[in-house]
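In what follows, a single structure is set out as structure tokens and then discussed.
The values are calculated or read from the model by the stated rules, or taken from the named source; none is laboratory data. Here the structure is a predicted model, which means the values were calculated and not measured. Every residue, glycine as well, gets a Cβ built from its backbone with ideal geometry; the counts of neighbours run over all protein chains shown. For the accessible areas, the whole protein counts, side chains as well, though only heavy atoms, and no ligand, DNA or RNA atoms are used. Shrake-Rupley method; radii C 1.70, N 1.55, O 1.52, S 1.80 Å.
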Amino acid sequence: MTAYTERAKASPLVEWLNDHAQVLSIALFFAVCMAFFGARSDTFLSTGNLLNILRQAAPVLIVAIAMTFVIVTAGIDLSVGAIMVLCSVIMGQFTFRYGLPPGLSILCGLGAGAFFGYLNGVMVARLRLPPFIVTLGMWQILLAANFLYSRNETIRSQDIEAQAPILQLFAAKFTFAGADFTLGTLFMIALMLFLAFVLRHTAWGRHVYAVGDDPQAAELSGINVKATLISVYVIAGLICAFAGWVLIGRIGSVSPNSGQQANIESITAVVIGGISLFGGRGSILGTLFGALIVGVFTLGLRLLGADAQWTYLMIGALIIGAVAIDQWIRRVTA
């Protein structure tokens with residue numbers, strides 16, 4: 001009886017470890033990477049370098065969070081990067097071409113992101129088109145619209161500072177505990193914590209996991225699968241629009257040529273972060289570590305003087321390894 005009681009008392013901890021084993025293993029790998037590069041470079045673990053990783057990762061990580069929501073439903077959104085850039089262009093062009101108040105232009109950009117996500121969601125949920133094909137087509141459409149609408153013109157940092165400084169809101173810096181942070185970094189952390197809570201501890205979040213795990217079973221249990229899928233793509237589009245606003249602060253200008261690698265970088269962060277491409281499993285915390293691991297490898301190899309191609313080689317190997325591990329876990333737990 002005593003042994004049974006001890007096992008019962010231990011079960012919550014064991015259950016927690018089982019639920020978070022993948023994130024813990026990714027966090028451990030991140031710590032190993034930090035220790036490896038820190039031992040080989042005296043400057044790697046400096047506060048400035050670590051904060052630089054966070055600042056550079058902010059727009060990509062926000063886009064990766066949007067990708068996380070979609071992939072948890074067993075889908076994929078290849079248009080996230082194009083939504084981010086086009087929404088940033090809309091914010092800038094509405095302000096400087098049409099003379100709208102900057103705050104209203106930002107709201108228009110955010111609304112556009114949600115609308116693009118809605119279009120993706122309707123085609124996936126109601127027309128039952130494959131997410132890969134839908135978002136691949138949307139990526140091309142928005143990419144072309146971005147250059148046609150912007151006329152390939154960049155709105156310079158000086159003009160933004162003089163006429164619409166709110167567009168560069170997330171570039172604002174402040175000092176805490178002797179370290180310099182940007183508002184974009186703080187916003188990224190706050191958004192990540194809020195959405196992680198929503199995904200894990202709300203009924204809607206549980207519905208998202210259920211749809212990704214087994215849409216037929218979710219529908220039989222009373223979940224509106226179509227509405228849930230559409231809401232996921234809408235929220236993903238809105239998150240990407242916020243990433244576009246952060247991007248303006250990150251690069252200091254509104255450029256239609258910025259963020260061209262965001263699609264690949266966000267997918268990389270999500271996959272390395274342990275989000276199952278088959279849906280129903282994963283967490284935003286894992287995506288955070290995935291993005292940071294990419295940032296650590298990029299900065300660490302640069303400080304060691306390695307050729308940039310080694311970064312792509314190592315990250316490519318990590319992607320294949322992460323997918324292989326995910327397949328193995330699915331076979332073991334099946």
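Would you mind classifying the stretch 188-334 by shape? Square roots of the alpha carbon gyration tensor eigenvalues, ordered a ≥ b ≥ c; an a/c under 1.5 is rounded, otherwise it is prolate if a/b is larger than b/c and oblate if not.
Values: a/c = 2.49, a/b = 1.38, b/c = 1.81.
Note, shape of the stretch 188-334 comes out oblate.
Determine the shape class of the stretch 206-278: with a ≥ b ≥ c the square roots of the Cα gyration tensor eigenvalues, call it rounded for a/c under 1.5, and otherwise prolate if a/b is greater than b/c, oblate otherwise. Before the final figure, lay out the partial values.
Details: a/c = 3.98, a/b = 2.10, b/c = 1.89.
Prolate shape, in that a/c is at least 1.5 and a/b is the bigger ratio.
Just checking the listed ones, 103, 252, 300: in the Gaussian network model of the chain with Cα springs under 10 Å, the one fluctuating most is 103. Gap in Å between the Cα centre of the stretch 197-241 and the Cα centre of the stretch 275-334? So the separation of the two Cα centres works out to 25 Å.
Mind checking which of 114, 58, 218 has the largest fluctuation in a GNM of the chain, springs on alpha carbons under 10 Å? Ranking 114, 58, 218 by mean-square fluctuation puts 218 first. Ordered from largest to smallest accessible area (heavy atoms of protein chains, 1.4 Å probe), the residues 34, 314 come out as 314, 34.
May I have the pair-distance distribution P(r) for the chain, computed from all Cα-Cα distances with 10 Å bins from 0 and rounded to whole percent? Per 10 Å bin, starting at 0, the Cα pair percentages come out as 6, 24, 32, 24, 11, 3, 1, 0.
In this structure, residue 331 and residue 39 have a Cβ-Cβ separation that, at R0 = 35 Å, corresponds to a calculated FRET efficiency of about 0.45. In terms of accessible area, using a 1.4 Å probe and ignoring ligands and nucleic acids, 153, 219 rank largest first as 219, 153.
At a 1.4 Å probe, what is the % contribution of carbon and sulfur to the accessible area of the chain?
Values: 10770 of 16200 Å².
Heavy-atom surface of the chain belonging to carbon and sulfur, 1.4 Å probe: 66 percent.
Per-residue surface analysis assigns residue 175 an accessible area of about 100 Å², computed on protein heavy atoms at 1.4 Å probe radius.
Per-residue accessible area (protein heavy atoms, 1.4 Å probe) orders 207, 201 as 201, 207, starting from the largest.
Can you work out D for the stretch 159-227 in µm² s⁻¹ from Stokes-Einstein, where Rh is the Kirkwood radius over C-alpha pairs, the temperature is 4 °C and the viscosity is 1.567 mPa s? The partial results should precede the final answer.
On the way: Rh = 15.3 Å.
The calculation lands on 85 µm²/s.
Averaged over its residues, the chain has an accessible area of 48 Å² per residue, based on protein heavy atoms and a 1.4 Å probe.
Rg and Dmax of the stretch 70-205, based on Cα coordinates, read 17.5, 54 Å. Shape class of the stretch 107-147 from the Cα gyration tensor (axes a ≥ b ≥ c, square roots of the eigenvalues): oblate, since a/c reaches 1.5 or more and a/b does not exceed b/c.
For the residues 155, 26, 320, a GNM of the chain with alpha-carbon springs under 10 Å puts the largest fluctuation on 320.
Please tell me the relative contact order of the chain in percent, rounded to the nearest whole number, where contacts are Cα pairs under 8 Å and at least six residues apart. Spell out each step's value before the answer.
Values: 514 pairs, mean separation 104.8, N = 334.
In percent, rounded to a whole number, it is 31.
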